[in-house]
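Reviewing the structure listed below.
The values are calculated or read from the model by the stated rules, or taken from the named source; none is laboratory data. This structure is a prediction, so every number in the text was calculated from the model and none was measured. Cβ: placed from backbone, ideal geometry, glycine included. Neighbour counts: every protein chain shown. Accessible surface areas use protein heavy atoms only, side chains included; no ligands, DNA or RNA. Shrake-Rupley method; radii C 1.70, N 1.55, O 1.52, S 1.80 Å.
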Amino acid sequence: MDDMTLVDRFHAAYDVAPPAGGFERLRRELSSYSAARRRRPASHIRWNKMGLRLAAVVTVAVIAIALVAAYLAGQRLLVGGVPAGSSSSIAAYQALVVADHGAWTAATSNCQTLQAQACVAELAPDRAILAKWRNDVGSSPTPQRFAVINAQMKRHLDDLIQMFDTAIAAEGTGNQALYDKVAYYATLDSAWLGHAVQGISRSHLSTASQYTALVQAHHADFVSICSSFCPQDAAVADCAAIDDPLCPHDIITESDFIGVIQADFVETASPAEFSDQNSALQIDLAQADNALVAMSNALLHSDAAGLKAARASYADALVAVEADLQS
């Protein structure tokens, strides 16, 4: 399921739009943004039920291909004793993530009532799918190539599961304002997970020239998009106050921007000669990602001090990312 589908699920019981037209602004912003998404199809669209069925069919086909690849690689492992971290373990990890994401995108919900138990009954199975995914990535062997992105995936899955718990509780108490806020902020995690799975499923070892070209391209994007706030503590300029109406939009938009970069450097895995630089970049990108998640949670819970601290962390992380892309 994409981020718009998640919002539809949370809002299916209400015939209202997200608060203050913010999501419409987000959709326009993301659909018009192309610099960091030059190789990715637009994902911020509203799916009808037929669209979900089509997505499920496509997902099943992708999963089947990935699982066959993992199986064949596993057979090579059994016969030839291929060491851990080889193509066999990479293929098995890719198949696992694709399968879990496929189960998530194929899930449907028909919460059509304000009655708490009816909606809880619809949301609980979806939460269980997320919990299984979280357990899989937390307990299965992770190839070194995916170590950082796997840790971030666990962070976003934990966050999204907590969002579901909060939404279920809000339904039970009839707290529509909280329910609407959760539906909005959950789009950050949903969109990020979509980028991450795409990067993992397409991951391949690049040549030195390919990796260098990717670094240069993202540095150019980064400078052009972040030049107004990266060098100073002005990051996410509209988030200086907890009640700034543009702050939620900024956080989700920038999470999408950072998520695309993270996914691209997983998809185009660095050759050995750039392993140190790539490791530093992925860690700094993860710090930026963590700060954005913290900012989102601070807004959800009206935590002004938490927002200020996370905003400062994000500014520091951006400085580090820009330095990494220059090296």
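Which residue out of 188, 178 is assigned to a helix (DSSP H, G or I) and either touching a strand residue (DSSP E or B) at 6+ places or on another chain (Cβ under 6 Å) or free of Cβ contacts under 8 Å to residues at least 40 places away in the same chain (or both)?
Numbers: 188 fails: either touching a strand residue (DSSP E or B) at 6+ places or on another chain (Cβ under 6 Å) or free of Cβ contacts under 8 Å to residues at least 40 places away in the same chain (or both).
Result of the check over 188, 178: 178.
Among the listed residues 272, 320, 280, 304, which satisfies the condition of being over 23 Å from residue 199 (Cα atoms), open to solvent by 10 Å² or more (accessible area, probe 1.4 Å) and either more than 18 Å from the chain's Cα centre (by Cα) or charged (D, E, K, R) (or both)? Don't jump to the end; show me each part of the working.
Working: 272 fails: over 23 Å from residue 199 (Cα atoms); 320 fails: over 23 Å from residue 199 (Cα atoms); 280 fails: over 23 Å from residue 199 (Cα atoms).
Testing whether each residue is over 23 Å from residue 199 (Cα atoms), open to solvent by 10 Å² or more (accessible area, probe 1.4 Å) and either more than 18 Å from the chain's Cα centre (by Cα) or charged (D, E, K, R) (or both) leaves just 304.
For region 246-278, what are the residues that are part of a helix (DSSP H, G or I), of a type in the set (Gly, Ala, Ser) and in contact (Cβ under 8 Å) with a residue 40 or more places away in the chain?
Those that are part of a helix (DSSP H, G or I), of a type in the set (Gly, Ala, Ser) and in contact (Cβ under 8 Å) with a residue 40 or more places away in the chain: 255, 259, 263.
Pull out all pairs, ordered by first then second residue, where Cβ-Cβ is under 8 Å, the residues are six or more apart or on different chains, the first lies in region 88-113 and is more than 19 Å from residue 142 (Cα to Cα) and open to solvent by 40 Å² or more (accessible area, probe 1.4 Å), and the second is at pLDDT 95 or above and aromatic (Phe, Trp, Tyr).
Pairs that qualify, where the first residue is more than 19 Å from residue 142 (Cα to Cα) and open to solvent by 40 Å² or more (accessible area, probe 1.4 Å) and the partner is at pLDDT 95 or above and aromatic (Phe, Trp, Tyr), are 103/133.
With the requirement that a residue be open to solvent by 60 Å² or more (accessible area, probe 1.4 Å) and touching a helix residue (DSSP H, G or I) at 6+ places or on another chain (Cβ under 9 Å), what does region 125-153 give you? Walk me through it before giving the result.
The initial filter retains those residues of region 125-153 that are open to solvent by 60 Å² or more (accessible area, probe 1.4 Å), namely 125, 127, 132, 134-135, 139, 141, 144-145.
Across region 125-153, the qualifying residues are 127, 132, 134, 141, 145.
Assigned to a helix (DSSP H, G or I) and either surrounded by fewer than 20 Cβ atoms within 10 Å (Cβ to Cβ) or at pLDDT below 95 (or both): does that describe residue 216?
Details: assigned to a helix (DSSP H, G or I): yes; either surrounded by fewer than 20 Cβ atoms within 10 Å (Cβ to Cβ) or at pLDDT below 95 (or both): yes.
Taking the combined requirement at face value, the residue satisfies it.
Look through region 229-269, keep the residues that are aromatic (Phe, Trp, Tyr) and at pLDDT 90 or above, and return whichever of them is surrounded by the fewest Cβ atoms within 10 Å (Cβ to Cβ).
If we filter region 229-269 for residues that are aromatic (Phe, Trp, Tyr), which is where we start, we get 229, 257, 265.
Now restrict to residues that are at pLDDT 90 or above: 257, 265.
Numbers: 257: 21, 265: 23.
So the residue we want is 257.
Restricting the search to region 169-194, which residues are closer than 15 Å to residue 155 by Cα and open to solvent by 10 Å² or more (accessible area, probe 1.4 Å)? Step through it out loud before you land on a result.
Step one: filter region 169-194 for residues closer than 15 Å to residue 155 by Cα, giving 185-194.
Within region 169-194, 185, 191, 194 meet the criteria.
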